[in-house]
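*Asks:* I have a structure I would like to understand better, so I am pasting it below and will then ask my questions one at a time.
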Amino acid sequence: MKSQEIVFVLDLGGQQSQLVARRIREAGVYCEILPFHGSIQQIKAKKPKGLIITSDNSEACIESAVNSKELYELGVPVLFVGQGAQEISMQLGGKAIKAEETGSAAVFGDAENKLFGIEFQPESFETELDSRILRAFLLQACSCKGNWTMANYARQSIEYYKEQIGNRKVLCALSGGVDSSVAAVLLHKAIGSNLICIFVDHGLLRKNEADQVEKTFREQFNLNLIRVNAQKRFLDRLKGIVDPETKRIIIGEEFIRVFEEEAEKIGAVDYLVQGTIYSDVIESGFGDKATIKSHHNVGGLPEHIEFKEIIEPLKSLFKDEVRKLGEELGIPRELVWRQPFPGPGLAVRVIGEVTEDKLEILREADAIFRDEVAKAGLDQEIWQYFAVLTNMRSVGVSDGRRTYDYTIALRAVTSMDAMSADWARIPFDVLDRTSKRIVNEVRNVSRVVYDITGKPPATIEWE
Ligand code: XMP
C-alpha cells in the first residue's frame, strides 16, 4: 500500500495496546501495534511520526522502557501510556505538570526531548483516554495530518489490489459473515469477475439467510458467485452425532471437502482469500507466518487447492473498522452490523442430534425472537441473541389436549468481546411477546425459557 504516515504502538505489557491503537485510528492516524522488544530496524524502515509505548508498572517493564536509549535516539516523539508511565517518565527525567483537567490523570512532559507520559487509574483508563489527549500528541507533537479515513483506505486498497493482482484469479470462500463479505466486495471492486466466490450452503444458516446472501452478492454486487447446495451432505454426516466438538469437526471437514471439490472444477488459481482481521494477527503473537483463520475454526486450510499465495485484505483492520469499510463499500447495514454467528451455525444450537425437522423448528423460533428484539430497538445493544432447541420435551396442554413437545431456550447476552458476557436484561414484555408468538406460531414447541446465566461459567452458545 502507498506509504502513509504511521505511528507505532509498542506493546510493553498491560492490557491497553489495542484500545490505544483504536483511539489513534479514530483520531485519523494510521497505526500498528508492535511488540516492544521487536526490531528497531523494522520501526526505522517505516519512518514513524511517533511512538506510543503502552506498559504496566512491573519492574521489568519500567527497566526496559528506561533503558531503550536507541528508541529515543530516533528523534521521534514518544508517549508513554499506562500504569508504568509515571515511573518511566520520572526515571527519564520527566517532570510532573498540573493537568487542567480534573479527574484521575497524571501527565508528564519533556518537550525538548519529545518525551511525554500519561497515566490513569486502570479502572478509568477507557473513559479518561479521550481523543483530545491523543490528538494533541499526534497532531501537535508528531505533526501528523490526521487524514486517515475509511474512505481513503477503501480507495487506496482497491487501487493497490487492482495493481497487485492484475489479471490473475482469486478464490474466496464467502460465508455471508461480515469479514468474508467485506473482503469479497473489496476485491470485487478491484478485480471484478476474476474474483470467484464459493458459497457453501451447509443448511445450518438462519431462516432465509442463504437466499439473502446469494441475492445480495449476485444481484446487488454482481459477484462471480458459485452457490453449492450441500445441505444433504452435511445432514447425512451429522446423523447420529450428539457430541458438540464432533459436530464442529465434521462440519469443518465437510466444508473443506465441498470447497475443494468446487475449486477443482475451476482449476488452478493464483490467490486464496483469507478473512484474517487485525485482532487475529495480534493474538497470533505477531509471528511472521501468515495467520491462518479457518472458516469454521476447525478443519484448517484446504490442502488440495492449487494457489500461489494467500491474500488477507482485512489484516490491518479491527472488527469495527471492517464494518465501517463494509459500509463504505456499500454493503447493506443489516449485513455489516450483524451479530456474530458461529461457523457451525445452527448445528450447535440444536442440542443433541441435528435433523432437518429440528432445524426447521429452531429456524422459526429464532426468527421470531430476532424479529421481536429488532422491533423493540434492542438489536444494536445486545451482542448476540438467538434461540436454542433444547433436546428436552415437557408436558403441555393445547386445545384441551395433553401435549409433549420441545422446550425452546432464548439466549441473549451483552459483551465486549465474547470472552465474558452477561445475560441481557431484555424487558419482560419483549420476552412475553416472543414466548407467546413462539408457542402459537411454531409447531411442536410448548415451552419457552430464558437463559439467565453469565459467561463464565456458561458459554454463550449452549454447545
Ligand atoms: P462461546 O460459546 O465459547 O462463544 O462463549 C464465544 C463466541 O464464539 C462464537 N462461537 C463460534 N464461532 N465457530 C465460530 O466461528 C465455532 O465453533 C464457535 N463456537 C462459538 C459464539 O457465537 C460467540 O460469539
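*Asks:* Given (1) among the aromatic types (Phe, Trp, Tyr); (2) farther than 23 Å from Ile277 by Cα; (3) surrounded by fewer than 16 Cβ atoms within 10 Å (Cβ to Cβ), identify the lone condition not met by Tyr160.
*Replies:* Only one criterion is unmet by Tyr160, namely (2).
*Asks:* Something else now. Which residues, counting only those in the stretch 230-273, are touching a residue at least 60 places away in the same chain (Cβ under 8 Å), in contact with a strand residue (DSSP E or B) (Cβ under 6 Å, 6 or more places away or on another chain) and outside any helix (DSSP H, G or I)?
*Replies:* Val269, Tyr271, Leu272, Val273
*Asks:* Also, quick follow-up: Just give me the residues in the stretch 131-157 being part of a loop (DSSP other than H, G, I, E, B) and open to solvent by less than 20 Å² (accessible area, probe 1.4 Å), in sequence order. Explain how you work it out, then say what you get.
*Replies:* Within the stretch 131-157, the subset part of a loop (DSSP other than H, G, I, E, B) is 142-149.
Within the stretch 131-157, Cys142, Cys144 qualify.
*Asks:* Being closer than 27 Å to Gly396 by Cα and in a loop (DSSP other than H, G, I, E, B) is the filter here, so list the residues in the stretch 440-457 that pass it.
*Replies:* Val442, Arg443, Asn444, Asp451, Ile452, Thr453
*Asks:* Checking the condition assigned to a helix (DSSP H, G or I), within 16 Å of the ligand (Cβ to nearest atom) and open to solvent by 50 Å² or more (accessible area, probe 1.4 Å), which residue from Arg437, Arg433, Arg370 passes?
*Replies:* On the way: Arg437 fails: within 16 Å of the ligand (Cβ to nearest atom); Arg433 fails: within 16 Å of the ligand (Cβ to nearest atom).
Going through Arg437, Arg433, Arg370 in turn, just one is assigned to a helix (DSSP H, G or I), within 16 Å of the ligand (Cβ to nearest atom) and open to solvent by 50 Å² or more (accessible area, probe 1.4 Å): Arg370.
*Asks:* Go over the candidates Ile88, Ile62, Ile52 one by one and state the one that is open to solvent by less than 10 Å² (accessible area, probe 1.4 Å), among the hydrophobic types (A, V, I, L, M, F, W, C) and over 30 Å from the mean Cα position of the chain (by Cα). If you could, list the steps in order and put the result at the bottom.
*Replies:* On the way: Ile62 fails: open to solvent by less than 10 Å² (accessible area, probe 1.4 Å); Ile52 fails: over 30 Å from the mean Cα position of the chain (by Cα).
Going through Ile88, Ile62, Ile52 in turn, just one is open to solvent by less than 10 Å² (accessible area, probe 1.4 Å), among the hydrophobic types (A, V, I, L, M, F, W, C) and over 30 Å from the mean Cα position of the chain (by Cα): Ile88.
*Asks:* Something else now. Take the stretch 328-355 and flag every residue that is among the charged types (D, E, K, R), open to solvent by 20 Å² or more (accessible area, probe 1.4 Å) and either under 22 Å from Gln231 (Cβ atoms) or in contact (Cβ under 8 Å) with a residue 60 or more places away in the chain (or both). Quick ask: steps written out before the conclusion?
*Replies:* We begin by selecting, within the stretch 328-355, every residue among the charged types (D, E, K, R); these are 328, 333-334, 338, 349, 353.
Okay, now just the ones that are also open to solvent by 20 Å² or more (accessible area, probe 1.4 Å), so 328, 333-334, 338, 353.
If the condition is that a residue be among the charged types (D, E, K, R), open to solvent by 20 Å² or more (accessible area, probe 1.4 Å) and either under 22 Å from Gln231 (Cβ atoms) or in contact (Cβ under 8 Å) with a residue 60 or more places away in the chain (or both), then Glu328, Arg338, Glu353 are the ones that fit.
*Asks:* Follow-up question, since we're still on this one. Quick check, is Thr434 in contact (Cβ under 8 Å) with a residue 60 or more places away in the chain and either in contact with a Leu (Cβ under 8 Å, 6 or more places away or on another chain) or of a type in the set (A, V, I, L, M) (or both)? Outline the logic, then answer.
*Replies:* On the way: in contact (Cβ under 8 Å) with a residue 60 or more places away in the chain: yes; either in contact with a Leu (Cβ under 8 Å, 6 or more places away or on another chain) or of a type in the set (A, V, I, L, M) (or both): yes.
Yes.
*Asks:* Right, something else. All but one of (1) more than 16 Å from Pro340 (Cβ to Cβ); (2) hydrophobic (A, V, I, L, M, F, W, C); (3) within 16 Å of the ligand (Cβ to nearest atom); (4) surrounded by 18 or more Cβ atoms within 10 Å (Cβ to Cβ) hold for Ile452; which doesn't?
*Replies:* So Ile452 meets the others, but not (4).
*Asks:* Does Val281 count as assigned to a helix (DSSP H, G or I), open to solvent by less than 50 Å² (accessible area, probe 1.4 Å), away from the ligand (no atom under 14 Å from the Cβ) and at pLDDT below 90? Give the derivation first.
*Replies:* Working: assigned to a helix (DSSP H, G or I): yes; open to solvent by less than 50 Å² (accessible area, probe 1.4 Å): yes; away from the ligand (no atom under 14 Å from the Cβ): yes; at pLDDT below 90: yes.
Considered against the rule, which asks whether it is assigned to a helix (DSSP H, G or I), open to solvent by less than 50 Å² (accessible area, probe 1.4 Å), away from the ligand (no atom under 14 Å from the Cβ) and at pLDDT below 90, Val281 comes out as yes.
*Asks:* Contact list please: Cβ distance under 7 Å, first residue in the stretch 129-150 and closer than 26 Å to Arg323 by Cα, second residue assigned to a helix (DSSP H, G or I) and open to solvent by 30 Å² or more (accessible area, probe 1.4 Å), pairs at least six apart or on different chains.
*Replies:* Qualifying pairs under 7 Å: Leu129/Arg23; Ser131/Arg23; Ser131/Glu26; Leu134/Arg23; Gly146/Leu139; Met150/Lys324; Met150/Glu328.
*Asks:* Out of all the residues in the stretch 409-424, is one or more within 13 Å of Phe386 (Cβ to Cβ), away from the ligand (no atom under 16 Å from the Cβ) and open to solvent by less than 70 Å² (accessible area, probe 1.4 Å)?
*Replies:* no
*Asks:* Scan (1) open to solvent by 10 Å² or more (accessible area, probe 1.4 Å); (2) closer than 30 Å to Ile6 by Cα for the single condition Leu186 breaks and write down its number.
*Replies:* (1)
*Asks:* Looking at (1) open to solvent by 50 Å² or more (accessible area, probe 1.4 Å); (2) at negative phi, which one does Asn208 not meet, given that it meets all the others?
*Replies:* In the conditions (1) open to solvent by 50 Å² or more (accessible area, probe 1.4 Å); (2) at negative phi, Asn208 misses (2) alone.
*Asks:* Would a scan of the stretch 351-361 turn up a residue that is within 16 Å of the ligand (Cβ to nearest atom) and assigned to a strand (DSSP E or B)? Write out each step before concluding.
*Replies:* Looking only at the stretch 351-361, we keep the residues that are within 16 Å of the ligand (Cβ to nearest atom), and these are 351, 354.
Checking which are assigned to a strand (DSSP E or B) leaves us with none.
There is no residue in the stretch 351-361 that is within 16 Å of the ligand (Cβ to nearest atom) and assigned to a strand (DSSP E or B).
The values are calculated or read from the model by the stated rules, or taken from the named source; none is laboratory data. Source: prediction; values computed, not measured. Methodologically, a virtual Cβ is constructed for each residue, glycine included, from the backbone with ideal geometry; neighbour enumeration extends over all protein chains shown. Areas reflect the complete protein model, heavy atoms only, side chains present, ligands, DNA and RNA absent. Shrake-Rupley method; radii C 1.70, N 1.55, O 1.52, S 1.80 Å.
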